[in-house]
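Worksheet for the structure shown next.
The values are calculated or read from the model by the stated rules, or taken from the named source; none is laboratory data. All values derive from a computational prediction rather than experimental measurement. Cβ sites come from the backbone with ideal geometry, for glycine too, and all protein chains shown count toward neighbours.
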Amino acid sequence: MPSSVRPAARLRGRLEVPADKSIAHRALIINALAGGPATVEVRSPGEDVLSTAACLRALCVTVDASTDGAVTRFHLSGSPTRDATLDCGNSGTSMRLLAGALAGLPLRVVLDGDASLRSRPMERVASLLRATGAEVTTTDGHAPMTVAGRSRLTAATHRLPVASAQLLGAACLAGSGAEGETRIESPGSTRDHTERMLAAAGVPIRRDGLVTTIEGPARPRPLSLAVPGDLSSAAPWLVAGALHPDADITIAGVGLNSTRTALVDVLRHAGADIEATLTDAAGPEPTGNLRVRGGRPLDPVRIAGAAVAPLIDELPLLGIVMAVAGGELRDAAELRVKESDRIAAMIAGMGAIGASVEELPDGWRVSPGVARDARIATHGDHRIAIAFAVAALTGVARSVELDDPACVAVSYPTFWTDLAAVAS
């Protein structure tokens, strides 16, 4: 894999990106609660998804994996039955969703992870689960986190402190094991993957605006499915295609859930040429193709308020767009507690590639500059590495050298292969 990336003369290709890890986590966990048997098909699963599968095995769930080309099929049977210490690796989604799922089972589990995951806040999810009657302790608000579940939880009304699909998902999973109606109020829009999948598995759950309600207790039915491509993995190519003067890239089989397509809307609003075609609306998640063509000038991009949460994973890439078109990000302090302090990492990186950038407590303000060669500290963060690889690929940087190119495998193990394909 390359540590150095330079501009490509043109970008062309048709890609199938890794399966949506947000959906894959939920599919594995919900089928474990259902007891199976079920099969979950995942294209190019990253380390985070493999962490969830390993955690379920540690809980005595049978998770057999078979691989055919790029697709791994996880065959699940059985439910969690054993106390365990679970290694969630680098995956905050694994930790928070598993905590919610296990709160309603009479098990005692310790959820732990790597140094990065131990630095991320866990008291928010712990507080939600305590409200249902589960016994949850954290380590100074972080992992390791211990969950002593109950076979029957108490329904609660939750008011999420931030708009977070992980917190919402944990509360939904706990709510499915609670007696009565659980009500979850979010301060802003979030992804609805948990609600869609629980509903498809027969759990009485609904979302009305910013409020989700679940009537429990309700055990999900087994649900076999093929997980669609991850829009967050399509995002580098959408941004690269929009920024490059000579680009035509199609990403096939991508999830087109409207709670995930905010990046498409932002890029289109800025002037990018992006075409979406729905190919499958039968499953819990709509799927289709995205085609992006370059050569258009882009208008400045400004993101703030309720627009932040639906774009949270794509904000580093939008920073690269702003380094070309100008723009501003506000109300995104949550970026400081991701796999790295993504605000600080982006400020340092955007300045290094030549942009004029001002750090804000909750974001940044960026103006275009003159492209430069840059060494980028990724802090082991896959989103940072991918964002600056795109900056170099499209000429926003004259070249970049990444200190840890391998960290992209957390979410996108085939990223470097796909980059070589579209740049050839």
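So the values come out like this:
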{"item": "Qualifying residue in the stretch 409-423 (condition: at pLDDT 95 or above, under 18 Å from the mean Cα position of the chain (by Cα), within 22 Å of Arg12 (Cβ to Cβ) and part of a helix (DSSP H, G or I))", "result": "yes"}
{"item": "Residue that is touching a helix residue (DSSP H, G or I) at 6+ places or on another chain (Cβ under 6 Å), outside the structural domain of Thr414 (by TED's automatic domain parsing), among the hydroxyl-bearing types (Ser, Thr, Tyr) and closer than 18 Å to His142 by Cα, where the choices are Ser127, Ser94, Ser119", "result": "Ser94"}
{"item": "Number of the exception - Ala8 against (1) at pLDDT 95 or above; (2) more than 19 Å from Val422 (Cα to Cα); (3) surrounded by fewer than 22 Cβ atoms within 10 Å (Cβ to Cβ)", "result": "(2)"}
{"item": "Unique residue being within 21 Å of Gly177 (Cα to Cα), β-branched (Val, Ile, Thr) and modelled with pLDDT of 95 or more when the list is Val71, Val136", "result": "Val136"}
{"item": "Filter result for the condition that a residue is modelled with pLDDT of 95 or more and either buried (at least 24 other Cβ atoms within 10 Å of the Cβ) or of a type in the set (D, E, K, R) (or both), over Arg260, Arg268", "result": "Arg268"}
{"item": "Subset of the stretch 197-210 (residues that are touching a residue at least 12 places away in the same chain (Cβ under 8 Å), surrounded by fewer than 18 Cβ atoms within 10 Å (Cβ to Cβ) and assigned to a loop (DSSP other than H, G, I, E, B))", "result": "Gly202, Pro204, Leu210"}
{"item": "Among the residues listed as Ala32, Ala53, Ala24, the single one being at pLDDT 95 or above and farther than 22 Å from His382 by Cα", "result": "Ala32"}
{"item": "Residue in the stretch 156-165 that is closer than 27 Å to Phe74 by Cα and surrounded by 24 or more Cβ atoms within 10 Å (Cβ to Cβ) present", "result": "yes"}
{"item": "Which numbered condition Thr194 fails, given (1) in the same structural domain as Ser66 (by TED's automatic domain parsing); (2) in a helix (DSSP H, G or I); (3) over 21 Å from the mean Cα position of the chain (by Cα)", "result": "(3)"}
{"item": "Of residues in the stretch 27-46 being touching a Phe, Trp or Tyr at 6+ places or on another chain (Cβ under 9 Å) and assigned to a helix (DSSP H, G or I), the one surrounded by the fewest Cβ atoms within 10 Å (Cβ to Cβ)", "result": "Leu28"}
{"item": "Residue check for Ala170: out of contact with any helix residue (DSSP H, G or I) (no Cβ under 8 Å at 6 or more places or on another chain) and closer than 29 Å to Arg73 by Cα", "result": "no"}
{"item": "Tally of residues being hydrophobic (A, V, I, L, M, F, W, C) and either surrounded by fewer than 19 Cβ atoms within 10 Å (Cβ to Cβ) or over 22 Å from the mean Cα position of the chain (by Cα) (or both) across the stretch 279-300", "result": "3"}
{"item": "Test: Ala24 is of a type in the set (Gly, Ala, Ser), closer than 29 Å to Ala247 by Cβ and in a loop (DSSP other than H, G, I, E, B)", "result": "no"}
{"item": "Considering residues of the stretch 116-147 that are in a helix (DSSP H, G or I) and over 24 Å from Asp341 (Cα atoms) only, the residue farthest from the chain's Cα centre (by Cα)", "result": "Arg130"}
